[in-house]
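Report on the structure given below.
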Amino acid sequence: MTTVWIVVIVTGVGTLALKAAGPVVLGGRPLPDRLSGVVTLVGPALLAALVAIGTFAEGQRLVVDARVLGVAAAAVAIRLRAPVLVVVIVAAAVTAGARALVG
Amino acid sequence: MAEPSGERGYRHGLTSSLPLSVAVFGFGISYGVLALSVGMGALAPVVMSATTFAGSAQFAAASVLGAGGSATTAILAALMLNARYLPLGVTVAPWLEGGLWSRLLHAHLMVDESWAIAAEGQGRWNPRVLLGAGVGIWIAWVAGTIVGVAFGDALGDPSKLGLDAAFPALFLALLAPQLRSQERATAFAGPRIGAPPQAVAALLGAAIALVLTPFTPAGVPIICAGAACLIGLGRET
């Protein structure tokens, strides 16, 4: 419970600091080129890491299980430009279906 | 017209945000359900939606906590994902008026969607449209989260439902447009940051995370994957 609230409060304050740094601290000045070049790549790197871990990690082990099918189905849904909620439901449904068939 | 924006600017922003708000509402429902499924309780996800107000970071924090990661790891992962708001904030800063509280409010309501709606092209942003759109999306996001935590319990065993696979699916859905379009990157970083470096950063990030998984505590591989963004350093000239 406490861990969760620490995360909620610190992330909230930190996020506002990141959002407000430009408007409040920097005023109209631009970011250094090098910094913005790096910052734009943090998102893709972290999101891809979250996809990889969420698909293959079970604790500290790497496994291939029903989740792979769910994420593959999600990739197809994304390709077909499905809304995010549909993508999530497809992934969950395919994974649940695969588990029901095997187990 | 003597006064081209004013009230009309706010309303225009709110109206423009409505189609997106439907999607954001659904997204909020999935956040509520998934946050509840990893043991965040019902109130914390709602408070987080209202205060942090940033989808991918909130999902990342939930995902790290769900995997047994520490508070520090969850916070770092979330804040690194929100680092993109630093350059977004810089782009809108010159167009904001008013004092500290007004600027903080605009900053808080600046998310990817409201930022995009308020863009008028050629590096101009309309602060009233930003505020109107931000309010619409904020309401949809918080309301969706409330619905998600309210009905999440009724769904039953998260693993049987395949909710663990919903996390990576969702991150993939957030990643895809970043690889597809370079419009945003070029808006503030110049044309040299295009799709290819983003794809390289993504592949590198995934590889780092998988390699580190057996050797580090939960969440740490995700933070280390952020180092992949350093390839952006070598791209001067």
Output needed for the protein assembly as shown: three equivalent-ellipsoid semi-axes, defined as square roots of 5 times the C-alpha gyration tensor eigenvalues, in descending order, whole Å.
32, 23, 18
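Hey, any idea what Rg/Rh is for chain B, computing Rh the Kirkwood way over Cα pairs? List each step's numbers first, then the result.
Numbers: Rg = 18.7 Å, Rh = 19.0 Å.
That ratio is 0.99, to two decimals.
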For a test of the definition: using alpha carbon positions, the gyration tensor, and the 1.5 limit on a/c, classify segment B:135-176 as rounded, prolate or oblate.
oblate
Residue-averaged 222 nm ellipticity for chain A, from DSSP H runs of 4+ at -39500 (n - 2.57), nearest 500:
-25000 deg cm²/dmol
Compute the helix-to-body angle for A:2-20: its Cα long axis versus the longest principal axis of chain A, expressed 0 to 90° and rounded to tens.
50
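If you take the alpha carbon radius of gyration of segment A:21-62 and divide it by 2.2 N^0.38 Å, what ratio comes out, to two decimals?
The value comes to 1.81.
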Between beta-carbons, use under 15 Å as the cut-off and find the net charge around B:Gly66, counting Lys and Arg +1, Asp and Glu -1.
-2
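How crowded by other chains is B:36-48, given as the mean number of beta carbons from other chains within 10 Å of each beta carbon?
Numbers: counts 0, 0, 1, 3, 6, 4, 0, 3, 6, 2, 1, 5, 8.
The mean count of partner-chain Cβ atoms within 10 Å per residue comes to 3.
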To the nearest 10 degrees, the tilt of helix A:66-79 (Cα long axis) against the first principal axis of the alpha carbons of chain A is 60
Please list the helices of chain B that count as membrane-span-like by this rule: a mean Kyte-Doolittle hydropathy of at least -1.0 together with Cα atoms stretching 24 Å or more along the helix axis, each helix being a complete DSSP H run.
B:7-37, B:127-155, B:163-180, B:195-212
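Between A:Ile9 and A:Val25, what is 0.36 nm times their sequence separation minus the Cα-Cα distance? Round to one decimal in nm. Please report the intermediate quantities before stating the final value.
Working: separation 16, 0.36 × 16 = 5.76 nm, distance 2.17 nm.
Result: 3.6 nm gained on full extension.
Bear in mind that the values in this text are calculations on the coordinates, not laboratory data. Only a predicted model underlies this, so the values are computations on that prediction, with no experimental measurement involved. Heads up, the Cβs are rebuilt from the backbone with ideal geometry, glycines too, and the neighbour counts pull from every protein chain shown.
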